Amino acid sequence: MAKTAQHPVLVIMGVSGSGKSTVAGLLAGRLSWDLAEGDDLHPPANVAKMHAGQPLTDEDRWPWLESIAGWIRAHTAAGTPGVVTCSALKKRYRDVLRGDGVVFVFLDGAKDRISDRLASRHGHFMPPALLESQFEALEAPGGDETYISLSVSATPAEEAQEIIDRLGLGDGGATSQ
């Protein structure tokens, strides 16, 4: 991974149920950084569609991705670190979000493990039945993307600490990689 900006914006990405919201909340709290929950930026029509068990199309996603990209750009332009959640399943989605100072944190896990997590989650608009479509759409980051991959095999607190350690964020955001 390339050296990151002194005040990065971390995009916590992965399929539904991978722990994005939990890990992002822990990171933002430990680092005292701004936090945005990407799901809160979905238009109401997207939420209704997912709640009805229908996967989103690319056409559905573009306005949502632009909203997240706007949040990211505002933070990177101001030099303000932040953490935002976004499934960012496809490279073309991440291309909308990426830029100087943006690091993707891919929470990677086995379908069985994530399915178990989803089954025990209550009150979320994303039904477990859509998990298969998320894994089918998933394109793991690579190549020219600035990212780290993290297995979702530890506790969320341990995962957050691993992210802090791997990106050298314990000193307020500067990294040495």
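Listed values, structure above:
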| quantity | calculated |
| --- | --- |
| Radius of gyration and maximum dimension Dmax of segment 1-81, Cα, Å | 14.2, 42 |
| Relative contact order of segment 54-106, pairs being alpha-carbon contacts under 8 Å that are 6 or more residues apart, as % | 42 percent |
| Distant-in-sequence amide H partners of Phe104 (H built 1.01 Å from N, under 5 Å) | Val11, Thr146, Tyr147, Ile148 |
| Tail fraction, Cα-Cα pairs, segment 9-171, threshold 22 Å, whole percent | 38 percent |
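Every number here is computed from the coordinates shown, using simple stated rules; none is lab data. These numbers come from a predicted model, not from an experiment.
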